[in-house]
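To start, the structure itself, in C-alpha cells.
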Amino acid sequence: MRINVLGVGFDNLTMDEAVDRGMELLRSPGAHRVATPNPEIVELCRENLAARQAVNGADLVLPDGIGVVKGAKMLGTPLKSRVPGIEFAAGLMERMAAEGLSLYLLGAKPGVAETAGEKLAEKYPGLKIAGTHDGYFQEDGPVVEAIRASGADCVFVCLGAPKQELWMARHGEATGARLLCGLGGSLDVFAGVVERAPKFWSDHGLEWFYRLCRDPRRAGRMMKLPLFLIHVQKEKRRK
Ligand code: UDP
C-alpha cells in the first residue's frame, strides 16, 4: 500500500528495494514509469489534476526529497527512507551495466544529454547508451520514433515537472522501452553542468538550501517547501 502525502501516493521502499523493483519492472513486458516527486511537485499535484494522475499512475513513486519524508512522518505514516531520483538512477545504471542493457537520455539543453551519455558510458562499463536528445523539441512524434528506433530498454526523461510525468504517461508505451524514469535536472548533474550538494548538506537535509545559495533564481520555486509543510500541518490537524 502506498503512503499518501497530500494526495500523492509514495512507495515505502529503501534505496536497494527501489532499485530491485526498478529492475523487476525493466524485465517485465510493457512500459513502466517511475516518478520521483519532491515537495514542490507534491504542491504542484495539489493544484494540477493531470499532473497528479500522471504521478500517481506511475509504477514506482519515490520520495525524492527529505521534505516528503518529514511530511509523511508528521502525518503519522512514516516512509522508510528518502530515495533521491539521482541516486536511484545511479543504482539502476550499475545493475543495467552488469546486464548489458541500454539507456536513452532525453532532456536538458542541447549537448547536455550527449555529454552525460559519454560520462555515464565511461563510469558504468557495459551500459549501452542507445541515444540522446535534448529536451527543447517542438514535436513529440520524431522523438518517440527516435527512442523506439534505438531499441532502448530504459529512458531517463529529464524535462522538469510536470512535463516529464505527462510525457511519460502519454508516450511511454509508444517508445517501446520497458522503463521510463522522470528525473528532473539529473542530466545536468551527470554531464557536470550542475554540481550536486556535497554530502554534508544532503546528510543534514539541507540540499535544497545549498541549491538555493548556488542558484538564487530558485527562490520562488522553493517557497513551495514552507507551503508544503503548512499544508501537511493542516492535514495533520484535520486527521
Ligand atoms: N528541461 C527540458 N525541457 C523543458 C524544460 C526543462 O529539457 O522544456 C530540462 C532543464 O533543462 C533541466 C530539467 O529539465 O535540465 C529540469 O531541471 P530542474 O532543476 O527544474 O529539475 P528538478 O531536478 O529540480 O526537478
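The values are calculated or read from the model by the stated rules, or taken from the named source; none is laboratory data. Note that the structure is predicted; figures quoted are calculated from it, not measured. Counting neighbours? That spans all protein chains shown, and the Cβs are built from the backbone with ideal geometry, glycine included. The protein model used for the area step is the full one, side chains on, heavy atoms only, and it has no ligands, DNA or RNA in it. Shrake-Rupley method; radii C 1.70, N 1.55, O 1.52, S 1.80 Å.
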How much solvent-accessible surface does D134 expose, in Å² to the nearest 10, with a 1.4 Å probe and all protein chains in place? 40
Helix-only mean residue ellipticity at 222 nm, the chain, DSSP H runs n ≥ 4 weighted -39,500 (n - 2.57), per residue, nearest 500. What is it? -15500 deg cm²/dmol
Place a label point 7 angstrom from the Cα of M1 along the Cα-to-Cβ direction, then list the residues of segment 209-239 whose backbone nitrogen is under 20 Å away. 235-239
Give the angle, between 0 and 90 degrees and rounded to the nearest 10, that separates the Cα long axis of helix 112-123 from the longest principal axis of the Cα atoms of the chain. 80
Relative to a virtual label point 7 Å from the Cα of R95 in the Cα→beta-carbon direction, which members of segment 2-23 show backbone nitrogen distances below 16 Å? 11-23
Taking a 1.4 Å probe, which of I129, I147, I3 shows the most accessible area, and what order do the others take after it? I129, I3, I147
Round to the nearest 10 and report in Å² the accessible area of R148, as given by a 1.4 Å probe over the protein chains' heavy atoms. 120
Average the reciprocal distances over every distinct pair of alpha-carbons in the chain, invert the result, and give the Kirkwood radius in Å. 18.0
Computed over the Cα atoms of segment 147-233, what is the convex hull's projected area averaged over all directions, in nm²? 7.6
Hypothetical label at R214: residues of segment 178-199 whose amide nitrogen lies under 13 Å (7 Å Cα-Cβ projection): 185-199
Could you put T175, T14 in order of accessible surface area, largest first, with the 1.4 Å probe and the full protein assembly present? T14, T175
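Using r as the Cβ-Cβ distance of D140 and R221, and R0 as 22 Å, what FRET efficiency do you calculate, to the nearest 0.05? Walk me through the numbers on the way to the answer.
Working: r = 25 Å, r/R0 = 1.15.
It comes out at approximately 0.30.
Hey, got the dipole for the chain? About the Cα centre, +1 on K and R Cβ, -1 on D and E Cβ, debye to the nearest 20?
On the way: 32 positive and 29 negative charges, 240 e Å.
Here the size comes out at about 1160 debye.
Once Rh for segment 140-191 is found with the Kirkwood sum over Cα pairs, what is the Stokes-Einstein diffusion coefficient at 25 °C and 0.890 mPa s, in µm²/s? Intermediate values should be presented prior to the final figure.
Values: Rh = 11.1 Å.
Stokes-Einstein gives a translational diffusion coefficient of 221 µm²/s.
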For segment 223-239, take each phi angle, set θ = phi - 60°, evaluate the Karplus expression 6.51 cos²θ - 1.76 cosθ + 1.60, and give the result in whole Hz per residue in order, putting x for glycine and proline. 4, 5, 5, x, 4, 4, 5, 5, 5, 5, 4, 4, 5, 5, 5, 5, 5
To the nearest 10 square angstrom, what accessible area does E145 show with a 1.4 Å probe? 100
